[in-house]
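The values are calculated or read from the model by the stated rules, or taken from the named source; none is laboratory data. Because the structure is a prediction, the values reported are computed rather than measured. In this analysis, Cβ positions are derived from the backbone assuming ideal geometry, glycine residues included, and neighbour counts consider all displayed protein chains.
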There are 2 protein chains.
Amino acid sequence: MAIAPTSHRIDPQSGVLSAATGRYEKRLADLDGIYADNAAFAESVAREGDRVVYYVHEVRPVAARGDLIFGTTFMEPGRIGDEFFVTRGHIHAIGNRPETYYGEAGEGLMLLESPEGETQILEIAPRVMVYVPPLWIHRSVNTGAAPLVMSFCYPSDSGQDYGLIARSGGMATRIVADGAGWKAVPNAAYRPRSKAEIDAILATQD
Amino acid sequence: MAIAPTSHRIDPQSGVLSAATGRYEKRLADLDGIYADNAAFAESVAREGDRVVYYVHEVRPVAARGDLIFGTTFMEPGRIGDEFFVTRGHIHAIGNRPETYYGEAGEGLMLLESPEGETQILEIAPRVMVYVPPLWIHRSVNTGAAPLVMSFCYPSDSGQDYGLIARSGGMATRIVADGAGWKAVPNAAYRPRSKAEIDAILATQD
């Protein structure tokens with residue numbers, strides 16, 4: 001009956017988590033519709049659509065309820081046009097489930113959005129812990145020239161909803177290059193959520 | 001209504017977590033009854049009972065249910081007789097709540113015990129993530145010559161039960177010096193838990 005304690009080593013360069021129970025990866029071509037510059041995206045996909053742009057190692061417990069999932073995210077650096085590489089982003093399917101992200105290597109941002117459309121941006125770097133509170137949509141952005149590696153932890157019954165971002169035409173804010181740094185710009189394709197959709201998110205709390 | 005996202009920097013040397021919402025510390029004199037060598041403990045307390053031997057920085061969310069608590073533990077190195085410095089140790093008051101510990105600096109052990117009295121020992125060092133599964137009593141041990149600093153994350157409704165360890169006369173295993181290293185030895189004062197007490201722990205699950 002007892003679940004055995006386990007120990008896992010994180011390689012900050014590769015993002016590999018030893019003794020992970022799962023791994024998934026995203027290739028450039030998987031991120032269709034995410035970036036503003038469709039022509040630049042099509043050109044990148046034609047050139048290197050099969051390239052893995054980020055991957056996740058995770059440990060999932062045997063039993064879901066009350067437990068935790070933890071792991072690592074490795075993100076390649078890069079841009080589509082002037083827009084920095086991002087993860088697909090999600091909100092937890094049970095809305096009132098939070099997540100922590102901890103910088104292991106590289107530098108980037110956590111881009112957060114409330115159901116009502118408020119944007120918050122927090123910088124991640126080694127030794128920086130970002131707390132994503134319940135009910136915030138979140139996406140990681142690699143603004144650096146090197147891979148961004150983070151470890152994460154969240155309640156095992158959280159679930160991920162990826163459709164919410166797609167239905168609003170993306171997140172309200174995009175992160176683009178600005179000289180050697182970055183800046184936040186409005187996403188022209190963004191459609192604010194209706195009161196009914198916001199209420200539906202809030203209703204996922206338990 | 002929304003909880004604001006936050007960002008926190010961990011100093012691996014001091015264990016300080018910036019923008020923590022809480023901090024607590026243990027002084028040597030607070031750990032009466034923990035160590036095997038009563039005479040050595042009394043002598044240490046007489047000499048430096050007020051000394052802070054470990055402290056915790058934490059961030060606790062506004063709302064408990066479904067949320068996470070995270071933070072850092074800083075443990076001074078040292079021994080009482082031949083026994084390495086330990087934290088008081090606990091099991092979660094809701095038994096089926098896990099915890100992750102991540103090595104930031106120094107080296108040590110996570111000493112784990114199941115309700116039935118099985119011992120597991122996992123080494124912690126920088127970049128090592130230890131998963132403490134639901135229903136395991138756990139205590140940190142600093143086996144190094146430098147401070148042991150770890151970050152941790154656990155469900156915010158877990159709670160801590162410190163009485164269970166005291167009622168069994170401590171944990172079943174002690175960690176003592178063995179040359180330049182460590183070894184595990186039986187705790188002579190340990191009294192295995194009764195079936196009724198084990199059942200009571202299992203009944204705390206939700």
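Annotations for the structure displayed:
- Of everything in region A:170-183 that is surrounded by 16 or more Cβ atoms within 10 Å (Cβ to Cβ) and of a type in the set (A, V, I, L, M), the residue that is farthest from A:I94 (Cα to Cα) is A:V176.
- Positions within region A:146-192 being in contact with a Ser or Thr (Cβ under 6 Å, 6 or more places away or on another chain) and within 14 Å of chain B (Cβ to nearest Cβ), in sequence order: A:M150, A:S151, A:C153, A:T173
- Residue pairs whose Cβ atoms lie under 8 Å apart, separated by 6 or more positions or on different chains, with the first residue in region B:194-206 and farther than 18 Å from A:G66 by Cα and the second part of a loop (DSSP other than H, G, I, E, B), are B:E197/B:P115; B:I198/B:P115; B:I198/B:E116.
- Tally, over region B:135-145, of residues that are more than 12 Å from every other protein chain (Cβ to nearest Cβ) and in a strand (DSSP E or B): 4
- Number of positions in region B:8-64 that are under 25 Å from A:M129 (Cα atoms), buried (at least 17 other Cβ atoms within 10 Å of the Cβ) and of a type in the set (F, W, Y): 2
- Test for B:R167: is it closer than 14 Å to B:I91 by Cβ and exposed (fewer than 15 other Cβ atoms within 10 Å of the Cβ): yes
- Residue match in region A:126-134 (condition: more than 8 Å from every other protein chain (Cβ to nearest Cβ), at pLDDT 95 or above and part of a strand (DSSP E or B)): yes
- Meets criteria (more than 30 Å from A:I69 (Cβ to Cβ) and out of contact with any helix residue (DSSP H, G or I) (no Cβ under 6 Å at 6 or more places or on another chain)) for B:E58: no
- Candidate set from region A:93-108 (those that are within 24 Å of B:V62 (Cβ to Cβ), out of contact with any Pro (no Cβ under 6 Å at 6 or more places or on another chain) and in a loop (DSSP other than H, G, I, E, B)); member that is farthest from the other protein chains (Cβ to nearest Cβ): A:A93
- Residue in region A:157-164 that is buried (at least 18 other Cβ atoms within 10 Å of the Cβ), of a type in the set (G, A, S), modelled with pLDDT under 95 and under 30 Å from B:M150 (Cβ atoms) present: yes
- Condition broken by A:L68, with the remaining ones in (1) crowded, with 20+ Cβ neighbours inside 10 Å; (2) more than 17 Å from the chain's Cα centre (by Cα); (3) away from chain B (no Cβ under 14 Å) satisfied: (3)
- Checking each residue in region B:148-161 for being under 14 Å from the mean Cα position of the chain (by Cα) and part of a loop (DSSP other than H, G, I, E, B) picks out only B:G159.
- Residue in region A:109-122 that is away from chain B (no Cβ under 12 Å), in a strand (DSSP E or B) and either crowded, with 22+ Cβ neighbours inside 10 Å or among the polar types (S, T, N, Q) (or both) present: no
- Hits in region B:64-77 (condition: assigned to a loop (DSSP other than H, G, I, E, B), in contact with a Lys or Arg (Cβ under 9 Å, 6 or more places away or on another chain) and over 14 Å from B:K26 (Cα atoms)): B:G66, B:D67
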